[in-house]
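Here the structure comes first, spelled out in structure tokens, and everything after it is commentary.
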Amino acid sequence: MADYTEWSALREISRAFLTPWEPIWPSDDLTRTGFRRRLRRYAEDMAEDRAYPFVIVRSNDGALVGGVTLANVRRGIVQAGTIGYWIGQPFAGKGYMTSALKVLLPTLFGELNLHRVEAACIPNNVASVKVLEKCGFAREGLARRYLCINGIWQDHYLYGLLDEDVRG
């Protein structure tokens, strides 16, 4: 809960910037109650090895700049998960997301023992395409009307990164 004020303020000032790239927000998303519910869900997901949320904090001053979530973790013969991410508008285009993913990916492959990390992005989200490609993700195809973003079923590029891609 200690992050609530900074998180909600950043999400609020970034709402118009984020809206084209995200699912429709619940009406109470930026309230303390909504944040508390989010934290409960995160705790349940982590306990069940389903998802792992991360915040991105700028090293020089501790400012919260965005977040990354590893979701849809699959074990057994797959050992994979899907990442989603967001950056606050004041911090966009400054390399924070690329840096954060480059720091996080070895943990996903190492500590969480994943073999594959997947991501999807809307084709006209040029910034997101650049982030994924700078981090070594390979575009593997186009999924038609894949996710409901901003209330519209939209096509997405599908990307994948393997543990050996990171170990290089």
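Just so it is clear, none of the values below were taken in a lab; they were calculated from the coordinates. Just so it is clear, the model here is predicted, and its values are computed rather than measured. All Cβ positions, glycine included, derive from the backbone under ideal geometry; neighbour counts span all protein chains shown.
Its Cα centre serving as origin, region 19-72 has a Cβ charge dipole (Lys and Arg +1, Asp and Glu -1) of approximately 180 debye. When F17, F137, F91 are arranged by Cβ crowding within 10 Å, least crowded first, meaning fewest neighbours, the order is F17, F91, F137. Normalised size of region 1-143, defined as Cα radius of gyration per 2.2 N^0.38 Å with N residues, equals 1.05. Selection among I13, C135, L158 by position relative to the dipole of the chain gives I13 as farthest towards the positive end (Cβ unit charges, Cα centre). Build a GNM of the chain with springs between Cα atoms under 10 Å apart, and of I152, I77, I122 the one that fluctuates most is I77. Arranged from fewest to most other beta-carbon atoms within 10 Å of their beta carbon, L142, L161 become L142, L161.
Ranked by the mean number of other Cβ atoms within 10 Å of their residues, highest first, the peptides 97-103, 40-46 fall in the order 97-103, 40-46. Rounded to the nearest 20, the Cβ-based charge dipole of region 1-147 about its Cα centre (Lys and Arg +1, Asp and Glu -1) stands at 280 debye.
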